[in-house]
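Working notes, structure below.
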Amino acid sequence: MTGDYPSDEISFRLHEAAHRNQEASEAAIRKMQETDEILRQTIQTLPDWVAGEVDRRLAQVIHDAAEQITANVSAGLKAENEAASRAKVRYENAAKFSVRRVVETALGCFVIGCIGMITGVYVAARLILPAPDVLQREREAEQTVEKLAPRGGNSILAMCKTAQGDRQCVRTDERGQSTAFVGAGGETYRIVYGY
């Protein structure tokens with residue numbers, strides 16, 4: 001069973017490898033003990049000088065086999081330790097990479113958002129809102145209309161057909177008036193409709 005972190009899995013695998021090495025060592029020791037027992041029984045049937053030589057060589061073989069088993073176990077543990085170290089380094093690099101990747105993504109989104117916002121404001125200012133001089137002219141025109149309204153600025157103008165041709169004329173209010181008003185210089189006036 002492995003844990004939630006790679007170090008738990010590494011510990012588990014190291015434990016399994018050590019357990020396998022221990023079982024292999026115990027099996028090899030049992031086999032050597034059985035072989036030793038068989039050889040001792042066989043030696044007892046041989047002449048004494050042969051038995052001494054076999055004992056001497058047997059001790060050397062047992063010593064060499066024990067060294068080989070120890071070397072194999074050490075090499076296995078060393079390889080497992082190196083694998084664990086490599087896995088730890090990979091895990092640490094992955095952790096650093098993931099944090100760096102999250103920060104890079106957040107910064108990228110922030111920059112893209114800022115660019116989008118600036119572009120949106122620019123487009124709104126250029127395409128949707130009128131130019132500042134148009135606004136100024138509109139305000140000036142409204143002020144002029146306010147000044148002219150009491151002086152007939154809201155009069156309705158039209159084109160009238162006369163004997164002299166088409167001429168611009170203004171709608172007048174002739175109700176209750178029989179003639180036009182005459183000014184001091186002889187000019188005529190009519191009351192503009194709506195005033």
Checklist entry - Nearest 0.05, what FRET efficiency do GLU67 and ASP8 give at R0 = 41 Å with Cβ-Cβ as r? => result 0.75
Checklist entry - Expressed in nm to one decimal, what extension gain is obtained for the pair VAL102 and ILE156 from 0.36 nm per residue of sequence separation less their Cα-Cα distance? => result 12.5 nm
Checklist entry - In Å, what Rg and Dmax follow from the Cα atoms of the range 82-185? => result 37.3, 120
Checklist entry - Using modelled amide H (1.01 Å from N, peptide plane; none on Pro or chain starts), what sits under 5 Å from the amide H of CYS169, excluding residues fewer than 5 places away? => result ALA158, MET159, CYS160
Next on the checklist: Using the Karplus curve 6.51 cos²θ - 1.76 cosθ + 1.60 with θ = phi - 60°, what ³J(HN,Hα) values do you get for each residue of the range 111-126, in whole Hz, with x for Gly and Pro?
Outcome noted: 5, 5, x, 4, 4, x, 5, 4, 5, x, 5, 4, 4, 4, 5, 8
Checklist entry - To the nearest 0.05, how large is the calculated FRET efficiency for GLU187 and VAL145 if R₀ is 35 Å and r is the Cβ-Cβ distance? => result 0.85
Item to check | Within straight-line cross-link reach of LYS78, lysines at Cα separation under 17 Å, skipping those fewer than 8 residues along the same chain | outcome: LYS88
Checklist entry - So how much slack lies between SER85 and ALA28, counting 0.36 nm per residue of separation and subtracting their Cα-Cα distance, in nm? => result 17.6 nm
Next on the checklist: At R0 = 45 Å, how high is the FRET efficiency between ARG137 and PHE110 if r is their beta carbon distance? Nearest 0.05 is fine.
Outcome noted: 0.65
Checklist outcome for this item: The answer for the net charge of residues other than LYS88 whose Cβ lies under 14 angstrom from its Cβ, with Lys and Arg +1 and Asp and Glu -1, is -1
Checklist entry - Over all distinct Cα pairs, what is the inverse of the mean 1/r for the range 13-166, reported as the Kirkwood hydrodynamic radius in Å? => result 26.8 Å
Item to check | Nitroxide proxy distance, nm - points 7 Å out along Cα→Cβ at LEU58 and ASP166 | outcome: 13.9 nm
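Each reported figure results from applying straightforward, stated rules to the coordinates on display, with no laboratory input. Keep in mind it's a predicted model, so treat the numbers as computed, not measured. Note: ideal-geometry Cβ built from the backbone for every residue, glycine included; neighbour counts use all protein chains shown.
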